[in-house]
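Everything below concerns the one structure shown next.
The values are calculated or read from the model by the stated rules, or taken from the named source; none is laboratory data. Here the structure is a predicted model, which is why all the values come from computation and not from measurement. Cβ atoms come from the backbone with ideal geometry, glycine included; neighbour counts cover every protein chain shown. Ligands, DNA and RNA are excluded from the accessible area calculation, which covers all protein heavy atoms including side chains. Shrake-Rupley method; radii C 1.70, N 1.55, O 1.52, S 1.80 Å.
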Amino acid sequence: MSVEPPPLTVSIVGADAESFRIDVHRTDAGGRDDVAVTVTCTAPEDVSAGVRAELRLGATDDPGWLIPGLFYGENRLAGCTRIYPRWVADGTNVERMEASAWSFRADRAATPAVFAWTPVGGAALVTGEVSPLGESGVGFAYEGGDAVLRLEFPYREEPLAYDGSETPSPPDVPLHRWSPREAAALRFSLYRVGPDRHAYADVLRDVHARAGGGESPAWVSPQEAARLAAWGLYRWHYRPDPPRLLETVGFDRAGDREAMHVSWVSGVPYAYALLRHGRRVGNRAYVEAAEAVLDHVAGNLTPGGTFWAQWTAERGWTTGWHPDRKRLHARTLADAALFMLRAGGRWRDAALSNVRVACGTQREDGALPAAHHVDTGGAVSWEGTAGLAWVPALAEAGELEAARRAGAYYRRFVDAELLYGSPEDVDLAPTSEDGYAAVMAYVALYEHDGDERWLDAARRAADWTLTFRYSYDVAFSPLTVLGHYGFRTRGADQASPANQHLHAFGLICLPEMVRLARHTGDPYYLERTRDNFACFRQFIAREDGDFNAYRGMASERFYQ
């Protein structure tokens, strides 16, 4: 049930309001208001100013802020070691990147929208990336216990500008230079939603539907993409002694990272893909390379019975990017176990060793460790939802009771609209990768049990995951590489609020998303998955020199 929000206000920022005339027209479009604002400069000379649209929802002690792909609730748990923007109810601490009010440039958001809730209902303001006054902005404030939603024209980044580092940059607060009698027409939408915080999903569906699909941005067909990716993986990432797939290689053939995670950014999932492709097309070299990598990983278990997290040239088998050299991240191990189980054959026993460790450490309430001890396999940490990644591996191995108990435990995080802690590199931040793990887990449970509760969890997890997926194409300067090549961002995923770039890693759960669409009979999930697949059939090098890469290379990240 939706509720009527308080009145919308539009004001002038940075100049005397008496120098402007503001006309606001709202059209009821059924569940949303389409808002047209005309701002006219009445000053006798040039003046610099911005325009702010603001909606005060009312009193709440838990606004549940959501800026898709950018801000989730408080956004950073108090115990998170990574410093990036966090909401607190009172005050501002720039060094800690904590504040009660935040504003961001629109292109940081997967959809330029901001949501909040009170106990009686919520609302969202949604705009486009750009307006006649330049790039738009989204933000919020907590004032006197009230949740306030904001749109800024042009954008404002305050109380600081976040550049991905833990060192805050100064605020970025441009103003538009108005001429006398200049007028600007601004358009945005206001959605009214009820108290159910999953209501964001219906809003984002509407935004996606209104945007329309258009022509595919893909440079190559799926078949050609597979040929190029397999060649790139084999030619540029594979090394035979010892057999490994390098995490990163340089386009200019300098700066190769002599390291391989067993999953996540390299390792078993990619070896498994190369193995399947090599068998499908009859390429013996691909098959032998993939088998060698799987043998290398499977043949080197820790004393605790799990895979190691990473191989490096300096240290050999080691524990990954976390500074604790006794800690193995559960998500890294679980994905490796899952794809090694799918490879089957002589690698199955090594994968099952990992599964036994996971089952042996499971708590009575169903929780699985977020990290394991390298020597014992025992739990090092329980925080976050990284343990959810074990569920599809457990299901694949036939450990269905353990998988069900874990699925039931982690369902509370799905229902709370906050999953966090899956990647090694951002500690307890919410990330798109947490969503991928949840989709894979609950689709696996539904396909084994046929229980509608698992299907509902998979649907909710997919909706949360899609908050990270761009619903529009960022307007790049033609002087940039992405602008020159016409890169279209619709379908790309923001990695996380802490690590703001677009990545292709959502392809890991593409099969589950397709099957979810089939199981639910909901074409929306298929459409968003097709967007994702088409987006990352851009920027895969078709020949040597394509975007300064070699044939088969693809970027790991895109900076929007």
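A few points about this structure:
- The lone exception for residue 165 - which of (1) within 23 Å of residue 34 (Cβ to Cβ); (2) modelled with pLDDT of 95 or more; (3) surrounded by fewer than 18 Cβ atoms within 10 Å (Cβ to Cβ) it fails: (1)
- Residues in the range 160-189 that are in contact with a Ser or Thr (Cβ under 6 Å, 6 or more places away or on another chain) and within 20 Å of residue 125 (Cβ to Cβ): 185, 186, 188.
- Candidate set: the range 14-26, residues that are in contact (Cβ under 8 Å) with a residue 40 or more places away in the chain and assigned to a loop (DSSP other than H, G, I, E, B); chosen: the one most open to solvent (accessible area, probe 1.4 Å): 14
- Candidate set from the range 527-560 (those that are in a helix (DSSP H, G or I), hydrophobic (A, V, I, L, M, F, W, C) and in contact with a Leu (Cβ under 9 Å, 6 or more places away or on another chain)); member that is most open to solvent (accessible area, probe 1.4 Å): 533
- Residue match in the range 470-485 (condition: surrounded by fewer than 21 Cβ atoms within 10 Å (Cβ to Cβ), in a helix (DSSP H, G or I), without any contact (Cβ under 8 Å) to a residue 24 or more places away in the chain and at negative phi): yes
- Exactly one residue out of 394, 419, 428 is at pLDDT 95 or above and assigned to a loop (DSSP other than H, G, I, E, B): that is 419.
- Within the range 236-255, the set of residues being within 22 Å of residue 503 (Cβ to Cβ), open to solvent by 30 Å² or more (accessible area, probe 1.4 Å) and either aliphatic (A, V, I, L, M) or out of contact with any Asp or Glu (no Cβ under 9 Å at 6 or more places or on another chain) (or both) comprises 238, 251, 252, 255.
- Taken as a whole, the condition of being more than 30 Å from residue 195 (Cβ to Cβ), buried (at least 24 other Cβ atoms within 10 Å of the Cβ) and among the acidic types (Asp, Glu) does not apply to residue 324.
- Of all residues making up the range 489-524, the number that are part of a helix (DSSP H, G or I) and of a type outside the set (S, T, N, Q): 17
- Per-region count, the range 150-167, residues assigned to a strand (DSSP E or B) and touching a residue at least 40 places away in the same chain (Cβ under 8 Å): 6
- Taken as a whole, the condition of being in contact with a Gly (Cβ under 7 Å, 6 or more places away or on another chain), open to solvent by 40 Å² or more (accessible area, probe 1.4 Å) and not aliphatic (A, V, I, L, M) applies to residue 231.
- Among the residues of the range 439-458, those that are surrounded by 22 or more Cβ atoms within 10 Å (Cβ to Cβ) and out of contact with any Cys (no Cβ under 9 Å at 6 or more places or on another chain) comprise 441, 442, 444, 445, 446, 454, 457, 458.
- Enumeration of residues in the range 301-350 that are out of contact with any Gly (no Cβ under 9 Å at 6 or more places or on another chain), of a type in the set (Gly, Ala, Ser) and part of a helix (DSSP H, G or I): 337, 343, 345
- Search result, residues across the range 328-348 that are open to solvent by 40 Å² or more (accessible area, probe 1.4 Å) and either in contact (Cβ under 8 Å) with a residue 40 or more places away in the chain or in contact with a Phe, Trp or Tyr (Cβ under 7 Å, 6 or more places away or on another chain) (or both): 342, 346
- Some residue of the range 192-204 being of a type in the set (Ser, Thr, Tyr), part of a helix (DSSP H, G or I) and on the phi < 0 side of the Ramachandran plot: yes
- Residues being out of contact with any Lys or Arg (no Cβ under 6 Å at 6 or more places or on another chain) and open to solvent by 20 Å² or more (accessible area, probe 1.4 Å) - total across the range 200-218: 12
One line per residue, one yes/no per condition, for (1) within 22 Å of the chain's Cα centre (by Cα); (2) open to solvent by 30 Å² or more (accessible area, probe 1.4 Å):
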{"residue": "58", "(1), (2)": "no, no"}
{"residue": "91", "(1), (2)": "no, yes"}
{"residue": "103", "(1), (2)": "yes, no"}
{"residue": "111", "(1), (2)": "yes, no"}
{"residue": "116", "(1), (2)": "yes, no"}
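- Cβ pairs under 8 Å, 6+ apart, first in the range 300-327 and free of Cβ contacts under 8 Å to residues at least 12 places away in the same chain and closer than 16 Å to residue 424 by Cβ, second open to solvent by less than 40 Å² (accessible area, probe 1.4 Å) and part of a strand (DSSP E or B): 318/310; 318/311; 318/312
- Counting only residues that are outside any helix (DSSP H, G or I) and open to solvent by less than 60 Å² (accessible area, probe 1.4 Å), the range 351-367 holds 3 of them.
- Meets criteria (on the phi > 0 side of the Ramachandran plot, touching a residue at least 12 places away in the same chain (Cβ under 8 Å) and within 18 Å of the chain's Cα centre (by Cα)) for residue 491: yes
- Selection count, the range 205-227, where residues are assigned to a helix (DSSP H, G or I) and not aliphatic (A, V, I, L, M): 8
- Qualifying position, being open to solvent by 40 Å² or more (accessible area, probe 1.4 Å) and part of a strand (DSSP E or B), among 124, 185, 147, 141: 185
- Selection status of residue 434, open to solvent by 20 Å² or more (accessible area, probe 1.4 Å) and either at pLDDT 95 or above or of a type in the set (Asp, Glu) (or both): no
- Residue ID - nearest to the chain's Cα centre (by Cα), chosen from residues in the range 511-560 that are over 25 Å from residue 213 (Cβ atoms), modelled with pLDDT of 95 or more and among the acidic types (Asp, Glu): 546
- Residue pairs meeting the criteria (Cβ under 8 Å; at least 6 apart or on separate chains; first at positive phi, in the range 27-48; second surrounded by 11 or more Cβ atoms within 10 Å (Cβ to Cβ) and polar (S, T, N, Q)): 31/2
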